[in-house]
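For reference, the structure discussed in these notes is given below.
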Amino acid sequence: MHASNEVRVFVKQFDNTIRNTNDIANLKSICEDIKRLIKYENETELKSFSFSNYSESRACFIRDFYMSVLKSALNNILTDTTKQLSAHALNDFLQFLFLNGNYKDSLLTLAWGINEFRPSYRLNKCVSLLEEFLSSHVLCKILKQQCSITSQVEQTYVWDELINALTSLPDKTANKLQSQNSELFYPKCYITLVTKDIITVLDDMVISVKADKDVHLEFISRLIGKLCITGYADILMEIMVGSLAPLLKEDFIWCRICERIITGVPDRCLESVLLSMIDKLPWYGLMDKFLGDSILKKQKIQYLLCTKILLFRHSEKIHILQNVLGYLGTSHTRRHLLIKSFKELLSVWGDNSAIRHTSPEQHMYLTRALFISLGFLTDKDKETHKDELIRLIMPGVQAHIGNSDHKIRTQGMVLAETLATVIDPNGPKLKFEYEKDKETASLLELMIPPSDPGLEQLQKKFEAIQLEQKVDTKMVDTDIKTDETMETRTDVDSDLDSDDDLVPYDMSNDVRVTQFKEPKYIRDCMEGLISNDEPERTEICLKCSERLIRKNHDGLEEIATEFTKVLLHLGDKSSTPGYTQLRFKALVSLTVCVPIQVADYLTAEFYDRNYNLRQRMDILEVLASAAQELSQPAEQPVINPSDKKIVEVEEDTWQSIVQKRIETKTRRFSKGKSKPELQKTMNRFAPVAGHFFYPLMTRFDRKENTFDMLGEDSLVLGRLIYTLGVVMYSAINSPTVKQMATVLLEFLWVLRFHQDQSVRHSILFCLSMVMLSVPGHVLLSQLQSEIMEAKQWLEDVVQKDPDTESKRLALQCLVLLENTIKQEFAGEEPA
């Protein structure tokens with residue numbers, strides 16, 4: 001009889017015995033036979049079997065029938081037959097059965113049992129056996145066994161089944177056991193255990209290589225890739241990098257092993273493996289140890305490192321860029337990739353369309369990458385590619401200077417200056433005016449490559465990570481504190497040596513002596529502002545202009561337009577302190593006191609040719625501030641204390657005395673309102689809102705020689721839309737608010753896809769003002785179609801807009817709209 005047929009008969013006998021027999025002696029005998037068949041010292045122990053070839057039959061049993069015996073044992077734990085065994089005997093038999101045979105089949109069977117059984121004794125037994133299986137590090141034996149097998153078509157299926165079982169175990173146990181789940185199967189504990197077993201096996205592989213033995217690492221590569229893409233990349237790489245980094249710095253064979261593992265990872269898993277590894281590496285020098293020149297051997301790795309990580313992703317972790325660019329620039333075999341990536345980064349950085357369609361965070365990421373790349377360029381690289389790099393810089397300078405975002409402009413100026421200086425030290429320099437702050441300083445510091453932390457420091461760091469303990473920062477900060485102490489000592493010494501120990505005179509009460517007096521009339525004030533030859537008089541008139549305008553309304557209408565023209569064209573020739581604020585307040589006070597005339601003049605002048613962008617921005621700011629002030633209740637006149645006393649004396653007459661006596665004798669059941677009614681005041685802005693609103697939208701699409709809002713002057717367009725939103729909100733509760741909202745929504749709808757993010761921010765602000773200003777029932781009835789179109793566009797912005805701030809503002813508008821709808825429907829519900 002063939003060996004497989006003999007084993008099949010034996011396994012069938014075991015299955016029948018454990019399921020049906022009532023003979024406890026027969027059950028114990030068949031269990032002992034199974035034990036001897038799984039593990040025996042010599043062939044004499046197998047004489048009790050009627051096998052023609054013991055070794056062949058045992059190999060056939062372990063290979064083809066072992067899993068069926070395991071499943072049979074698990075399925076029949078609760079039968080009457082097994083109940084005849086003691087708990088201790090049953091437990092010993094199951095442990096021996098699962099921990100001493102075909103380990104791969106044992107793991108697959110236990111994983112199958114956890115997925116198959118309902119909460120019961122059988123499920124608990126599977127969990128306990130699996131805990132014992134993993135705690136005993138039997139997984140190392142499985143990994144070693146698979147590393148001794150070359151990849152074949154039939155083997156690929158077995159590998160996929162085994163890898164799926166290993167990676168899905170935490171999810172399966174969590175779903176099945178829920179609150180009763182074992183801590184061993186928590187992702188942190190489980191992945192840590194599996195990773196340490198992988199490292200143990202790799203250590204054996206290194207020993208085998210040193211002994212001139214062949215090793216196969218494809219299974220390890222596939223397992224690591226699957227674990228990373230499943231979501232355990234951070235845990236796995238934190239342990240692997242921490243454990244292998246010290247070994248890689250000392251042993252070249254370890255470097256070859258790690259390079260083979262990375263290159264063997266399937267393409268679909270490679271991105272998650274590389275990203276997590278780069279994130280966990282503390283220094284770019286270790287990238288070469290882990291990857292070697294695999295970037296030259298595998299195109300997928302080159303695409304991920306040189307294109308996807310640099311151009312398509314962004315992160316606040318600067319060391320990721322330092323690791324990637326440092327890896328490219330620290331070897332002559334990879335330096336051409338650094339030059340290629342640097343040119344691509346410059347091209348994208350200087351592309352006006354790319355700037356408009358990427359978020360500020362993404363653009364900062366590109367800027368940092370360019371600064372870091374400069375630190376790895378050699379003098380030879382700069383000299384060889386100087387002309388091409390300078391050609392790529394110029395479009396970027398123009399695109400950044402014309403950008404409406406202040407941060408992007410500043411980043412462009414800093415980088416352009418640095419690029420021109422570093423790439424061509426002897427050529428023409430670029431110089432821009434910008435405010436130097438911590439952000440600009442941090443960008444310049446990126447050109448200095450990080451230093452090697454050293455082996456001892458790496459070991460201490462990774463030991464702290466493995467022990468899950470926080471690093472004690474006191475010892476780390478000792479040197480810093482010492483330096484700070486020395487600096488403070490030198491500062492004190494310098495202070496002691498200085499001659500600045502004399503007490504200055506108190507000059508806080510000194511009055512400035514001038515030959516000009518403050519004007520008492522508005523016309524005199526206006527004449528003083530026109531006098532260009534007397535800057536001192538101009539300064540005095542400017543400082544008192546707001547007070548005179550608000551105090552003297554008589555005759556102001558006659559000269560309001562002329563006075564506004566004077567203030568609008570007034571220049572700061574004598575560097576007057578607070579000039580901008582004083583001029584702004586005077587213009588706002590004029591607009592508030594004479595709103596129709598001044599608003600008509602300012603809105604007409606806004607589109608005139610003879611103004612620069614700063615003056616146009618001033619006009620918009622004045623209109624917005626005046627609209628807000630007019631929309632507020634006017635201040636009540638203060639009653640003179642002497643007048644108040646006269647009133648009180650008049651009330652204290654015989655009539656009031658009689659009325660008081662009547663009140664004391666009268667019994668009332670209700671006293672009416674306990675608080676006085678709020679005094680009604682007229683809305684000053686409602687009658688004049690149209691003069692602030694409609695003229696601003698008349699000629700926005702006309703292109704002048706010095707003014708093009710739909711082109712390069714989009715900064716003014718954004719401010720114009722913002723001003724319209726402020727005016728809209730200032731007209732809240734006025735009769736014209738519905739008509740204003742209709743016109744504004746039509747105006748905004750044309751510009752909703754504008755490329756400049758500042759314009760989109762203003763549009764989103766305007767939409768929120770419409771939703772806050774217009775009553776809910778008007779929005780949902782008379783403006784329903786416009787609001788629904790706006791809602792659809794807002795949802796698209798939240799999902800597709802690259803700018804983070806635009807997404808936030810759009811989400812805020814959607815929340816406002818949702819709240820408005822809820823309030824309206826809640827008000828319609830019957831009481």
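The values are calculated or read from the model by the stated rules, or taken from the named source; none is laboratory data. Treat the numbers as computed from the prediction; the structure is a model and nothing was measured. Cβ coordinates were reconstructed from backbone atoms using ideal geometry, including for glycine residues, and neighbour counts include every protein chain displayed. To get the accessible areas, we keep the full protein, side chains included, count just its heavy atoms, and leave off ligands, DNA and RNA. Shrake-Rupley method; radii C 1.70, N 1.55, O 1.52, S 1.80 Å.
Of note:
- With protein chains left intact and a 1.4 Å probe, residues in segment 133-220 average 48 Å² of accessible area per residue.
- Virtual spin-label span in nm between residue 212 and residue 429, 7 Å along Cα→Cβ: 6.5
- Share of carbon and sulfur in the accessible heavy-atom surface of segment 292-435 [1.4 Å probe, %]: 52
- Here the accessible area is traced with a 1.4 Å probe on the protein chains. For segment 741-831, carbon and sulfur cover 55 percent of it.
- On the beta carbon distance between residue 182 and residue 72, with R0 = 25 Å, the FRET formula returns roughly 0.50.
- Pair residue 452, residue 808: separation of 7 Å Cα→Cβ label points (nm): 4.3
- Between residue 825 and residue 56, the FRET efficiency estimated from the beta carbon spacing at R0 = 56 angstrom works out to 0.10.
- For segment 97-251, carbon and sulfur atoms together expose 47% of the accessible surface, with a 1.4 angstrom probe and every protein chain in place.
- For the cross-link pairs 188/226; 39/125; 343/382; 407/436, the ones whose C-alpha atoms lie over 19 Å apart are 39/125.
- Rough spin-label spacing in nm, given labels placed 7 Å along Cα→Cβ, for residue 204 and residue 131: 2.6
- Zone residues, segment 165-201, relative to residue 148, backbone N less than 20 Å from point 7 Å out along Cα-to-Cβ: 197-201
- Extension gain, residue 531-residue 445: 0.36 nm per intervening residue step, less the Cα-Cα distance, totals 25.9 nm.
- Members of 517/543; 141/280; 144/297; 249/280 lying beyond 19 Å, as alpha-carbon distances in this model show: 141/280; 144/297
- The loop-placed trypsin sites (Lys or Arg not before Pro) in segment 535-610, going by DSSP, that have at most 15 neighbouring Cβ atoms within 10 Å of their Cβ come out as 573, 609.
- For segment 328-445, the solvent-accessible area with a 1.4 angstrom probe is 47 square angstrom per residue.
- In a DSSP loop and with at most 14 other Cβ atoms within 10 Å, the GluC sites (Glu not before Pro) in segment 241-291 are 250.
- Full extension of the chain between residue 160 and residue 559 gives 134.9 nm of extra length, using 0.36 nm per residue less the Cα-Cα distance.
- Between residue 710 and residue 267, residue separation times 0.36 nm minus the direct Cα-Cα distance comes to 154.9 nm.
- By accessible area with a 1.4 Å probe, ligands and nucleic acids excluded, highest first: order of 159, 112, 283: 112, 283, 159
- Segment 741-824, accessible area per residue, ligands and nucleic acids excluded (1.4 Å, Å²): 46
- Residue 182 exposes around 20 Å² of accessible area when a 1.4 Å probe is run over every protein chain in place.
- 13 Å beta-carbon shell around residue 397, net charge (K/R +1, D/E -1): +2
- A simple count of charges around residue 741, restricted to other residues whose Cβ falls under 14 Å of its Cβ and scoring Lys, Arg +1 and Asp, Glu -1, yields -2.
- Using the Cβ-Cβ distance between residue 609 and residue 344 with R0 set to 51 Å, the FRET efficiency from 1/(1 + (r/R0)^6) comes to roughly 0.75.
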